[in-house]
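Novice: Here's a structure for you.
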Ligand code: BGC
């Protein structure tokens, strides 16, 4: 009884807040209490397979299941698109925005505008630094980096390389996740540089996570070091594949372990072929479901609880958060990703990869 009352009061307040909200042209728009839509803005379709296929598909399914209207759009790598889409959604009466930002500046500006209009915001996968979103839903991204570091150590050990020299292809400096991934892998690898058992090679961030840039950067690293690279800490599968493309060109693929992230089809195939050491599987269905659950509560004007808090390192403020657990994938457990329903066997085990699947009992 009591909780019903509290919920009712909260809903009322949210509705009032929503009614008071205005768009930039000062037209009042009613929000919350089951009106409008949930708007989702994803960053691009080229830096990881997930943004163009998995996230939109899984988010749509979660909102459809709850019969909550959702508008899912992609900024195609451009901050101006991100901003324009957000403006359109806010003007169109969205009551909640779910955002995977392209950079902190444009993300922060969108959150500020949303707030002024009484629109609730959820940082999806990427925390907007100093943004002050109402919620943040992601994975334990430092753990993703630790898994990459530990995975690389394991693969190098299996290859029996003494004093291996590590090259880095880090994610975009504009993505807070890239900072967290790097912090995680540093935690594992720095002590090894300090005790001299590993050697630190070239270490670069790839602007905007651009895979073509990643290939170019790795090519330069290879040439500048005269091929003195024994392992590659690549921040995701796309950048891992960028390194593998160059390693293939110089006939070193499969000899030099490369890490990744996302369990993309190509990443899984690279692992099965022996060209990639490991990937980090992040069950995106759980991320989409958790974000949708919060968004649906906010949409209906009901109280929403995230369960954890994350400190925004820039503002020092705590953001209510859901942080999910990633999983390491090596050749021996590629099948787990298929069993989890993330990707179909026939998609991975196609053409030249069929024999690798059979060989690995997939
Ligand atoms: C995401 C990764 C993705 C990368 C590039 C990161 O913020 O967490 O899953 O591979 O962006 O799009």
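The values are calculated or read from the model by the stated rules, or taken from the named source; none is laboratory data. Since this is a predicted model, take the numbers as computed values, not measurements. Every residue, glycine as well, gets a Cβ built from its backbone with ideal geometry; the counts of neighbours run over all protein chains shown.
Novice: Among 203, 186, 212, 219, which is surrounded by fewer than 19 Cβ atoms within 10 Å (Cβ to Cβ), at pLDDT 95 or above and within 16 Å of the ligand (Cβ to nearest atom)?
Specialist: None of the others qualify; the one that does is 212.
Novice: Here is a further query. Just a yes or no: is a residue in the stretch 248-257 in contact (Cβ under 8 Å) with a residue 40 or more places away in the chain, assigned to a loop (DSSP other than H, G, I, E, B) and within 16 Å of the ligand (Cβ to nearest atom)?
Specialist: No, that holds for no residue.
Novice: Please go through the stretch 70-104 and pick out each residue that is more than 18 Å from the chain's Cα centre (by Cα) and over 22 Å from residue 300 (Cα atoms).
Specialist: 80, 81, 83, 84, 85
Novice: Now, a different point. Just to be sure before I move on: is residue 179 in contact (Cβ under 8 Å) with a residue 60 or more places away in the chain, within 16 Å of the ligand (Cβ to nearest atom) and surrounded by fewer than 24 Cβ atoms within 10 Å (Cβ to Cβ) in the structure I sent?
Specialist: no
Novice: Something else: If you check residue 269 against the conditions, is it touching a helix residue (DSSP H, G or I) at 6+ places or on another chain (Cβ under 9 Å) and closer than 19 Å to residue 343 by Cβ?
Specialist: Details: touching a helix residue (DSSP H, G or I) at 6+ places or on another chain (Cβ under 9 Å): yes; closer than 19 Å to residue 343 by Cβ: yes.
For residue 269, the condition - touching a helix residue (DSSP H, G or I) at 6+ places or on another chain (Cβ under 9 Å) and closer than 19 Å to residue 343 by Cβ - is met.
Novice: With respect to residue 326, determine if the residue is at pLDDT 95 or above and touching a strand residue (DSSP E or B) at 6+ places or on another chain (Cβ under 7 Å).
Specialist: Working: at pLDDT 95 or above: yes; touching a strand residue (DSSP E or B) at 6+ places or on another chain (Cβ under 7 Å): yes.
For residue 326, the condition - at pLDDT 95 or above and touching a strand residue (DSSP E or B) at 6+ places or on another chain (Cβ under 7 Å) - is met.
Novice: Okay, moving on. Could you check how many residues of the stretch 106-132 are closer than 11 Å to residue 319 by Cβ, more than 17 Å from the chain's Cα centre (by Cα) and within 16 Å of the ligand (Cβ to nearest atom)?
Specialist: Number satisfying all stated conditions: 1.
Novice: Taking helices (runs of 4 or more DSSP H) that do not extend beyond the stretch 259-362, which have at least 2 residues that are closer than 28 Å to residue 157 by Cβ?
Specialist: Working: elements: 265-272, 284-299, 334-339, 345-348, 354-359.
Because the criterion is at least 2 residues that are closer than 28 Å to residue 157 by Cβ, the helices (runs of 4 or more DSSP H) in the stretch 259-362 that meet it are 265-272, 334-339, 354-359.
Novice: Related question: Quick one: is residue 61 at pLDDT 95 or above and touching a strand residue (DSSP E or B) at 6+ places or on another chain (Cβ under 8 Å)?
Specialist: For residue 61, the condition - at pLDDT 95 or above and touching a strand residue (DSSP E or B) at 6+ places or on another chain (Cβ under 8 Å) - is not met.
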